[in-house]
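Please treat every number below as a calculation from the coordinates, not as lab data. These numbers come from a predicted model, not from an experiment. Cβ atoms come from the backbone with ideal geometry, glycine included; neighbour counts cover every protein chain shown.
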Amino acid sequence: MSIFVRGRETRPPGGTSIFPPKAWVRHSFERAAHTYDTASRAQRWICARLVNGLPPALVSAVILDAGCGTGFGMEILGRRFPAARRIALDFSPAMLSRIDKLEFGVAGDVERLPLCNEVVGLYWSNLTMQWCDIFALCREARRVLWPGGMLAFSSLAPGTFCELEESFAQIDSYRHVLPFRPLETVRQALEVAGFQDIRLQIEPCVAHYRDLKSLMGAIKAVGANQVGSARRPGLMGRNAWQKLEETYEKRRTPRGLPLTYQAVLGYAQK
């Protein structure tokens with residue numbers, strides 16, 4: 001049975017200009033491929049939480065990891081479902097090239113998957129949805145799932161990077177953090193796509209860093225340093241950087257400078 005088809009010619013409608021252009025996103029993750037694993041502590045924690053929320057009795061013969069990155073989710077899914085065929089899909093070929101023991105990989109867009117209809121039992125996606133047209137992603141996820149298949153995903157909710165956003169607000173009026181979607185919008189996209197038995201929850205994850213430079217470096221290292229059309233042009237000057245450091249230092253805890261991820265964990269049934 002063939003599960004791949006040649007690229008579809010039409011792109012699903014939707015999207016908004018406040019999100020980064022796809023070319024920027026791909027370039028950012030291409031550059032981050034060689035540093036992603038060293039800086040993805042929060043991403044791994046969220047991935048583990050997503051796995052823990054799967055129904056204990058769930059069995060799937062074919063799994064799609066949509067937005068697989070460097071593949072640590074594939075490893076976890078392989079331990080949970082050792083008999084399943086695992087398809088790794090990512091927007092960035094460089095990310096795919098970092099995966100060891102790749103069973104089946106394809107560089108593709110989650111908004112227009114290069115897959116035939118109803119070929120996947122579990123659609124898995126860890127921290128990809130926030131970069132996409134959410135309605136197109138959900139529509140495509142349901143299309144490739146077979147009847148009774150499950151969607152499991154994580155995303156980020158408003159309040160993510162709140163410390164950074166509030167500190168930058170003391171420096172300038174530019175947008176430095178993605179405008180993460182509220183839970184209501186996520187639910188709406190799932191319902192419009194036709195999913196049932198929707199479960200959504202938010203779990204905060206707080207990472208800590210020794211200083212602002214390492215915090216910002218970690219964000220860049222995982223490719224999450226792209227923002228929307230209102231981003232600050234050019235580099236930040238020395239005075240602005242010093243003011244940002246002073247502002248952020250007021251948030252220091254015994255563990256270091258905090259950075260909050262408001263993780264959305266979602267599950268739904270076709």
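On the basis of the beta-carbon distance and an R0 of 41 Å, residue 100 and residue 203 show a calculated FRET efficiency of 0.90.
I'd like the distance separating the alpha-carbon centroids of the stretch 188-214 and the stretch 51-100, in whole Å. If we compute the Cα centre of each part, the gap is 18 Å. The simple spin-label model puts a point 7 Å past each Cα toward its Cβ; for residue 52 and residue 255 those points are separated by 1.4 nm.
Highest mean packing comes first when the peptides 194-203, 71-80 are listed by Cβ atoms within 10 Å, giving 71-80, 194-203.
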